[in-house]
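Report on the following structure.
The values are calculated or read from the model by the stated rules, or taken from the named source; none is laboratory data. Worth saying up front: this structure is predicted, and the values here are computed from it rather than measured. Backbone-built Cβ (ideal geometry, glycine too); neighbour counts: all protein chains shown. Just so you know, the surface numbers come from the protein's heavy atoms only, side chains and all, with ligands and any DNA or RNA stripped out. Shrake-Rupley method; radii C 1.70, N 1.55, O 1.52, S 1.80 Å.
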Amino acid sequence: MSDLPPTPDLAALVEELRAQVGGLRSANARLREVVAGKDELLAGKEGLLANQDGLIEAQREQLGNYAEVVRLHADRAQVQDQLVDSQVELIDRLTAENAELRRRLSMDSSNSSLPPSSDPPAAKAKRRKAVSQRDRSKTRKPGGQTGREGSGLAPSNHVDQVERVDPTECSTCGQPLDKAAPDEGCTPVQRWDIPPIQLTVTQFDLVRRRCPAGHLTQAQPPAGVAGPVCYGPNLRAAVTQIAYLGHVSMERTATLLADLLGCPVSTGFVASCLTRLADKLDGFEADLKDALAGAERIHHDETPVPVNGGTGYVYAARADGLVWYGAHEHRSHAATDSFAILPRFAGVLVRDDWPGYHKYSDPGRGGKVRGVQLCCAHLTRDLQAVWEADPQAQEWAAQLRQTLRRARRAVDAAIDAGAPNLPPATLDQLRGLYANTAEQGVAANAPGVKGRSTEAYKLAKRMAERIDQVLYFTVDFDVDWTNNSCEQTIRMAKLSVNRPEAGGLARPA
């Protein structure tokens, strides 16, 4: 018997294998069905994803468009902000320019240094209206009051001639009055007048004689006679008096002599008279400057004038009846230093607030002036101009103007009462009121304040900083609170060269 295992049943084995293959095929078919379903599902998901990608891309495009719109809005808002800022700046600039133009248009003699003669009709009407609206007494009549002492001419004891005036008829019944009737007294009345001015022509016959030796000699002309025909010393003196002291132009001086005396003179003759006067005053100007430099108080001023088609400046210094005039092509320290008055002056200087004067009261710059009185007439006009430009916003200017006048009245009252100075309480009250009002002006026009005025700010700040110079007259009664006396002195010199026929500055220094 063999040891080999038994041989399996091949038919059964084949059947088993076929059954397994069939099962595998069934399983494979099911798997194929599952795979086909998954492929369909995946295809559907891919389509869905594709749709989602399209939606996402569309959303991205919309978001991009929205971002662009937002950026455009932001740019537009920025442009609008810039436009608003530019418009605000333009409005502020135009407002300031408008205020400045209104200030300039409103300038006249009441609120600036312009002379009354330059006032337009509206300014003159305003001045007349202000005068007509003054408070007037309802009980007193206009004019001099009863019992008031007159100030007319007093009769003179020196009478050059007496003329008898007889009445011709009765003032009551009209009957004739015989000259043979006895006089019953008389009432003297006097008329002061000058005789008619008449040109006198004097001819000097210079006699010639011959001596025994045969020499011919002619008499010498009297003093003041030069040439065959000349003007005499009295006429030269009249020309010099009118043209120099009267500040009358050379052409008008010649016209005046021709009209009054029937004496034709030329502008060249007038100029020669002024030159002769200047030559005879050699050394006088130096003495005059020394006297002014050593005075206790002086007034100083300057003004532009036409010179040979351009602009020059006339200067004036005045103190204790002394008046000095100077001329220079510039308004500068070079001019005021060259005159050699202010650099040596150590008293009280009454002036306007031109910056050129500042160094003379600054010891650090070599100044010796011990006190300064700013011209309150200038300041009150400046305050008036600021207030008139905007009465509601610049009320402080009107108040400060009233404070200055109040201080002046207080000083006048103290002087009338014989007091040497103001009471300390009164002085402190005036200074406090002045300082507070000036600070109100500074605050109302400070940078950044709506409706501010640059000119008002400069004026308020300047007056706040210079309180001691503005109110100097309240502590020194010998100092005038304005520079009017010097301005009036220099005005005649300005007028004499400011006329077209004067031809500019033509005066000896």
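Of these, A407, A435, which one is open to solvent by less than 10 Å² (accessible area, probe 1.4 Å) and either closer than 30 Å to E97 by Cβ or in a helix (DSSP H, G or I) (or both)?
Testing whether each residue is open to solvent by less than 10 Å² (accessible area, probe 1.4 Å) and either closer than 30 Å to E97 by Cβ or in a helix (DSSP H, G or I) (or both) leaves just A407.
What pairs can you find where one residue is in the stretch 190-212 and among the aliphatic types (A, V, I, L, M), the other is surrounded by 10 or more Cβ atoms within 10 Å (Cβ to Cβ), and their Cβ atoms are less than 7 Å apart, with a gap of 6+ or different chains?
Between residues of the stretch 190-212 that are among the aliphatic types (A, V, I, L, M) and residues that are surrounded by 10 or more Cβ atoms within 10 Å (Cβ to Cβ), the close pairs are I197/L260; I197/L261; L199/L261; L199/G262; L199/C263; L206/A219; L206/P221; V207/A219.
Going through T187, T253 one at a time, which residue ends up being farther than 30 Å from Q161 by Cα, hydroxyl-bearing (S, T, Y) and either out of contact with any Phe, Trp or Tyr (no Cβ under 8 Å at 6 or more places or on another chain) or open to solvent by less than 50 Å² (accessible area, probe 1.4 Å) (or both)?
On inspection, the qualifying residue turns out to be T253.
Go through (1) open to solvent by 100 Å² or more (accessible area, probe 1.4 Å); (2) modelled with pLDDT of 90 or more; (3) hydroxyl-bearing (S, T, Y) and name the single condition T172 misses.
Unmet condition: (2).
Quick one: which residue in G356, G364 is of a type in the set (G, A, S), in a helix (DSSP H, G or I) and either at pLDDT below 90 or open to solvent by 50 Å² or more (accessible area, probe 1.4 Å) (or both)?
So the residue among G356, G364 that is of a type in the set (G, A, S), in a helix (DSSP H, G or I) and either at pLDDT below 90 or open to solvent by 50 Å² or more (accessible area, probe 1.4 Å) (or both) is G364.
Just the residues that are modelled with pLDDT under 70 and either within 30 Å of R406 (Cα to Cα) or surrounded by fewer than 17 Cβ atoms within 10 Å (Cβ to Cβ) (or both), please, taken from the stretch 477-503.
Matches in the stretch 477-503: L495, R499, P500, E501, G503.
Across the stretch 367-388, what is the number of residues that are open to solvent by 20 Å² or more (accessible area, probe 1.4 Å) and in a helix (DSSP H, G or I)?
Residues that pass the stated criteria total 6.
With the requirement that a residue be outside any helix (DSSP H, G or I), touching a residue at least 24 places away in the same chain (Cβ under 8 Å), open to solvent by 40 Å² or more (accessible area, probe 1.4 Å) and farther than 13 Å from D353 by Cα, what does the stretch 438-476 give you?
Of everything in the stretch 438-476, those that are outside any helix (DSSP H, G or I), touching a residue at least 24 places away in the same chain (Cβ under 8 Å), open to solvent by 40 Å² or more (accessible area, probe 1.4 Å) and farther than 13 Å from D353 by Cα turn out to be G451, V475.
Is it the case that V350 is surrounded by 19 or more Cβ atoms within 10 Å (Cβ to Cβ), part of a loop (DSSP other than H, G, I, E, B) and in contact with a strand residue (DSSP E or B) (Cβ under 7 Å, 6 or more places away or on another chain)?
When the stated conditions are applied, V350 does not pass them.
Going by what's in this entry, would D337 be described as out of contact with any His (no Cβ under 8 Å at 6 or more places or on another chain), surrounded by fewer than 18 Cβ atoms within 10 Å (Cβ to Cβ) and farther than 25 Å from P355 by Cβ?
Against the criterion (out of contact with any His (no Cβ under 8 Å at 6 or more places or on another chain), surrounded by fewer than 18 Cβ atoms within 10 Å (Cβ to Cβ) and farther than 25 Å from P355 by Cβ), D337 does not qualify.
Residue by residue through the stretch 8-22, note down the ones that are among the small types (G, A, S) and exposed (fewer than 10 other Cβ atoms within 10 Å of the Cβ).
A11, A12 - these are the residues of the stretch 8-22 that are among the small types (G, A, S) and exposed (fewer than 10 other Cβ atoms within 10 Å of the Cβ).
Under the condition of being closer than 14 Å to S266 by Cα and among the hydroxyl-bearing types (S, T, Y), which residue from the stretch 234-250 is least open to solvent (accessible area, probe 1.4 Å)?
Among those residues, the one meeting the criterion is S249.
Can R148 be described as at pLDDT 85 or above and loosely packed, with under 10 Cβ neighbours inside 10 Å?
So R148 does not fit the description; no.
Checking T202 against (1) open to solvent by 90 Å² or more (accessible area, probe 1.4 Å); (2) among the hydroxyl-bearing types (S, T, Y); (3) at pLDDT 90 or above, only one condition comes out false. Which one?
(1)
Can you tell me which of (1) open to solvent by 90 Å² or more (accessible area, probe 1.4 Å); (2) hydroxyl-bearing (S, T, Y); (3) closer than 30 Å to K280 by Cα is the one Y231 doesn't meet?
(1)
Among the residues of the stretch 171-186, is any part of a loop (DSSP other than H, G, I, E, B), without any contact (Cβ under 8 Å) to a residue 12 or more places away in the chain and within 60 Å of the chain's Cα centre (by Cα)?
The answer is no, given that none of the residues of the stretch 171-186 is part of a loop (DSSP other than H, G, I, E, B), without any contact (Cβ under 8 Å) to a residue 12 or more places away in the chain and within 60 Å of the chain's Cα centre (by Cα).
Please go through the stretch 306-328 and pick out each residue that is open to solvent by 50 Å² or more (accessible area, probe 1.4 Å), in contact with a helix residue (DSSP H, G or I) (Cβ under 7 Å, 6 or more places away or on another chain) and touching a residue at least 60 places away in the same chain (Cβ under 8 Å).
R318, V323, Y325
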